[in-house]
Amino acid sequence: MIEVVVTSRKNEAEGICSYELSCALGNHLPAFTAGAHIDVHLPGGLVRQYSLCNHPHERHRYLIGVLHDPASRGGSRCLHEQVEAGQRLSISEPRNLFALVPKAARSVLFAGGIGITPILCMAEQLWLQGDDFELHYCVRSADRAAFLERLASAPFASRVQLHLDERPETRLDAERVLAAPGPQDHLYVCGPGGFMQHVLDSARSQGWPEAQLHREYFAAGPVDTRNDGSFSVKLGSTGQVFEVPADKTVVQVLESHGVAIAVSCEQGVCGTCLTGVLEGVPEHRDLYLTEDEQAANDQFTPCCSRARTGMLVLDL
Ligand code: FES
């Protein structure tokens, strides 16, 4: 954990603020790479993940951008309503689950709304490396588009295309952009679920292999839990068996028996809780694993995923 102080808070667009965080002791912060995020421990005990969107070579600060989401589970509301410049917070070291693939021939970046935060950092990194890339930023209106000034004045401004819903002539034609992928091309997308699905479906229709598609979700949609039943989990190391009732997660059940699994998002987005499965078939409810990884059924996210078989034997 790192103690930081909010050195500035800035309105970036309608409903979006950026927070600049510096080490409370005045030290350098740990280095990070484009696509990394930090866990922010908020007043009241919530922990939320935010992508770093400053220049990836900076060590004196981290910058996060936060949308005041009306459907917030409390994190963005807390930041917007309670966190001002001067406040101290605890954060984790940066972790990167959305890293750029080295030596790509071309990188195509897609950001939807607040999904611009990791994508902006990627653009900075690719520019620094002298790599070929283009950035497509889709947003409802210019008022809601964060970091427009920074993008307009960036040395890579000519690589950025802004697609505004309020200006239909700027609409993103994803299939055209993604036509004829090369074997070393890579696509990165971050944004709302429907936007990401559209970009990924367009890529697949143009022949992009899954291995060249990279995504980061920032929130999971609601899951229908009405038909959830109970199942058992067994610890591979000790053979202990625990019942997981319909209204509890595997993480909650194990924790109540003294088996702690590290969690962060608790909604299948971040991968922190990823646990190996030795026997049984999980019912995957995460957005973290790829379809192929889910199909392998040898790991799952016990913060939200459940079981298709009566028992799961876990690699714990
Ligand atoms: Fe984030 Fe489980 S805690 S995926």
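Take the conditions within 21 Å of C121 (Cα to Cα) and surrounded by fewer than 21 Cβ atoms within 10 Å (Cβ to Cβ) and apply them to D39. Does it pass? Yes: the conditions hold for D39. Only one entry of R204, R215 meets the criterion of being within 16 Å of the ligand (Cβ to nearest atom), closer than 30 Å to S107 by Cα and outside any loop (DSSP other than H, G, I, E, B), and that entry is R215.
Here is a yes/no grid of residues against (1) in contact with a strand residue (DSSP E or B) (Cβ under 7 Å, 6 or more places away or on another chain); (2) at pLDDT below 95:
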position	(1), (2)
N227	no, yes
S237	no, no
V241	yes, no
M311	yes, no
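Residue-level check: of (1) modelled with pLDDT of 95 or more; (2) under 22 Å from A123 (Cβ atoms); (3) not hydrophobic (A, V, I, L, M, F, W, C), P56 misses just (1). Filtering segment 293-313 for residues that are closer than 24 Å to A99 by Cα, away from the ligand (no atom under 16 Å from the Cβ) and of a type in the set (A, V, I, L, M) leaves a non-empty set.
Of all residues in segment 132-158, which are within 23 Å of the chain's Cα centre (by Cα), assigned to a helix (DSSP H, G or I) and free of Cβ contacts under 8 Å to residues at least 60 places away in the same chain? Matches in segment 132-158: R150, L151. Which of (1) surrounded by fewer than 21 Cβ atoms within 10 Å (Cβ to Cβ); (2) modelled with pLDDT of 95 or more; (3) more than 21 Å from S264 (Cα to Cα) does A13 not meet, given it meets every other one? Condition not satisfied by A13: (1).
Looking at V277, V253, just one residue is within 16 Å of the ligand (Cβ to nearest atom), of a type outside the set (G, A, S) and not in a helix (DSSP H, G or I), and that residue is V277.
In segment 244-267, the residues that are without any contact (Cβ under 8 Å) to a residue 40 or more places away in the chain reach residues that are assigned to a loop (DSSP other than H, G, I, E, B) and of a type outside the set (D, E) with C-beta atoms within less than 6 angstrom, at least six apart or across chains, in these pairs: P245/S230; A246/G229; A246/S230; A262/T272; E266/C303.
The values are calculated or read from the model by the stated rules, or taken from the named source; none is laboratory data. No experiment lies behind these values; they were computed from the predicted model shown. In this analysis, Cβ positions are derived from the backbone assuming ideal geometry, glycine residues included, and neighbour counts consider all displayed protein chains.
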